[in-house]
1. How high is the relative contact order of the chain, in percent, counting Cα pairs under 8 Å that sit 6 or more residues apart?
2. Just to verify a number: FRET efficiency for Val255 and Glu158, C-beta to C-beta distance, R0 = 41 Å, to 0.05?
3. If I fit a long axis through the Cα atoms of helix 185-197 and take the longest principal axis of the Cα atoms of the chain, what angle between them do I get, 0 to 90°, rounded to 10?
4. Roughly how compact is the chain, stated as its Cα Rg over 2.2 N^0.38 Å to two decimals?
5. Residue-wise, which Karplus ³J(HN,Hα) couplings in Hz belong to region 70-85, taking 6.51 cos²θ - 1.76 cosθ + 1.60, θ = phi - 60°, and x for glycine or proline?
6. If we count other beta carbons within 10 Å of each Cβ, what is the order of His116, His178, His216, fewest first?
7. How long is the gain from Glu241 to Asp45 if the chain were fully straight, where each residue apart is worth 0.36 nm and the alpha carbon distance is subtracted?
8. What does the extension gain come out to for Val97 and Val136, with contour length at 0.36 nm per residue minus their alpha carbon separation?
Amino acid sequence: MRLGLGGRNGAHRGGGEPEAPQEEPWGPPPVIEVRSLRKTYGHGDATVRALGGPPDPVTGESPGVDLLVEQGDMVAVMGSSGSGKSTLMNILGCLDVPTSGRYLLDGIDVGGLDEHQLSLVRNRKIGFVFQSFNLVPRTPALAQVELPLAYAGVRTAERRRRALAALALVGLADRVDHRPNELSGGQQQRVAVARALVTAPAMLLADEPTGNLDSHSTEEVLSIVDRLNASGRTVVLITHEDEVARHAKRVIRLVDGQVVADVRQAPVEGPPPALRDPGIFAAHSPQALSASGGGAL
Ligand SMILES: Nc1ncnc2c1ncn2[C@@H]1O[C@H](COP(=O)(O)OP(=O)(O)O)[C@@H](O)[C@H]1O
Ligand SMILES: [Mg+2]
């Protein structure tokens, strides 16, 4: 069993014995541990509180966001436009820094890192997927997926091997030479997913990954994300669509920069809902992907 923050930092072993070094009895650290996170833009009358909620009338302090995400979880962050989803994603992705609060990513306190260290953490710990795919124009799929490995200093042959495996995993083994303009939207997003997972990151972080896709491609991409999570990958996806959120094991709702609901739909351990209860999802799931190779990465 895994314990949350209290267990890891605050539990007493009792017995009065001197503490012997032990294997981590409480399991791996959470992938995300956020405490009292706040983000404001601007100053004075023009201040926008994007994250953390309105200030308490007495103390003047905004409550901030607390969030713990365990390894293997699949979390959907929902909220209407302007509720702070992208602000949260940018901070969790180390693309932006909070105004105040603490963020530990896979046990690393990112608050103390400089720009260079942050770029290393981003490269090693996080796989990004964006609504607009963010592929490099006129570049074949294989080279797109190799790119993060090139940044990480992986040698050419190994790069190629891992990129091909990642593309096979998303069902694109036969499209590795295709450029973005030769691929459908769904295929482009699958290249982006392959690029995100090829470095074996601690977490996949996706901001509206299906926002530009039709319903068939949406289900294709989500079924890949389901399988990645089932093989142990932690997933945080930001969405305003119920259809996407029902794939998650846990759904968090933001209103005005505050977490107002946190609902578990499936246990952290075990497969995500679509693989747990395939019958419920069967009507939507395309069959094309079942034959596309399900090797683990
Ligand atoms: N760079 C910025 N400067 C000023 N205000 C911003 C900036 N980015 C976001 N905001 C404001 O912060 C709030 C949350 O925005 P955002 O995180 O983009 O929400 P969401 O992604 O849920 O639509 C909104 O009120 C938005 O207008
Ligand atoms: Mg947004």
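Nothing in this text is a laboratory measurement; each read-out follows from the coordinates by a stated rule. Fair warning: this is a prediction, and the values are worked out from it, not measured in the lab. Quick reminder, even Gly has a Cβ in these numbers, built from the backbone with ideal geometry, and neighbours come from all protein chains shown.
1. It rounds to 23 percent for the chain.
2. 0.35
3. Tilt relative to the chain: about 60 degrees.
4. 1.05
5. Going residue by residue, I get 7, 4, x, 7, 10, 10, 9, 9, 10, x, 6, 4, x, 7, x, 4 Hz, with x marking Gly and Pro.
6. If I rank by nearby Cβ atoms, fewest first, I get His116, His216, His178.
7. 67.2 nm
8. Full extension from Val97 to Val136 adds 11.4 nm.
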